[in-house]
Ligand code: UDP
Ligand code: MG
């Protein structure tokens, strides 16, 4: 059986369409399936729509969070609840074309365990967003050693891969990168990002920045190493200036230098604060992991 995990946050218009389309495509190909909608604490009628979809498509299952926990949490809840021999994850807005599931499923039948959806284009996005995404994925790719430039959350995973992902206890799991990190027999399926029909993207600039910081800190300690490198650079500068100051003192020409001192003070001060901030992000992550709160809280299931 194929489980399809569909995170949905304020997708009341898309839930019925997604349920019908997926059911049509999968039953048309004779694939036994379940459609697992995760209502990530929606504020609209998403949950009612999921219950209604259940009446026309019996393969529908629903899990409702007690509040909004974010897409990563929804995906992991889906992996946990899924009963299938393989599990696919796709967006409720159908920006991930569902027809590609058939191709992914065929690859799974051939023995592949991790089938990654790879974007051929990023769809319609502003130039700034594109640039930011490029920087973010550049960093993450370096940190994880996996090329993530066109990675997405559209994937099909074998039961073994799912079980491995579920053993990971980190609260801030980054699904997109972890699925590559775990290894297994992997292949890619290219797809074209579709236009969203109803509703709006859930990402604000603020939430994207938070998302980027959270994922970078969970996959890379490079920012903290940069702090060390900066420290060494400052040491070199300090030695040079120190030497100059000593020579001036000895030769009796030490005078003025007020501007230099002010500039150095400000410069070092800001570097110190930025460094402390970077370290702070990691301490915050450690704190959150130590608190060991659950990734999500389920309110109801159908
Ligand atoms: N989503 C979610 N929880 C959230 C935000 C988004 O479950 O807090 C779901 C959303 O319903 C959709 C998917 O994640 O199915 C992708 O969201 P969206 O389309 O807003 O992102 P984009 O396609 O713009 O990257
Ligand atoms: Mg979308």
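Please treat every number below as a calculation from the coordinates, not as lab data. Remember, it's a predicted structure, so these values are computed and weren't measured experimentally. A quick note on method: Cβ atoms are made from the backbone with ideal geometry, for glycine too, and the neighbour counts reach across all protein chains shown.
Annotations
- Where labels lie 7 Å past Cα in the beta-carbon direction, separation of residue 262 and residue 234 in nm: 2.1
- Rg over Rh for the chain works out to 1.13, using Cα positions for both radii and the Kirkwood form for Rh.
- Computed Kirkwood radius, in angstrom, where 1/r is averaged over Cα pairs of region 240-302: 16.5
- The chain: angle of helix 100-109 to the longest principal axis, Cα-based, in degrees nearest 10: 90
- This ranking places 190, 116, 12 by how few other beta-carbon atoms lie within 10 Å of each, fewest first, which gives 190, 12, 116.
- Cα-based helix-to-principal-axis angle, 205-219 vs the chain, degrees rounded to 10: 80
- Fewest neighbouring Cβ atoms within 10 Å first, the residues 5, 240 line up as 240, 5.
- Helix-only mean residue ellipticity at 222 nm for the chain, each DSSP H run of n ≥ 4 adding -39500 (n - 2.57), per residue, nearest 500: -17500 deg cm²/dmol
- Cα centroid of region 1-80 to Cα centroid of region 236-302, whole Å: 46
- Residues 119, 197, ranked from the fewest to the most other C-beta atoms within 10 Å, line up as 197, 119.
- Max mean-square fluctuation residue, GNM over the chain, Cα-Cα springs under 10 Å, options 244, 115, 182: 244
- Highest GNM mean-square fluctuation among 199, 242, 28, for the chain modelled with Cα contacts below 10 Å: 242.
- Fraction of beta bridges assigned by DSSP in region 1-152 that are antiparallel (%, nearest 5): 5
- Computed lengthening from residue 246 to residue 121, 0.36 nm per intervening residue step minus Cα-Cα distance: 39.1 nm
- Here the Gaussian network model covers the chain, with springs between Cα atoms less than 10 Å apart; of 267, 37, 184, 267 fluctuates the most.
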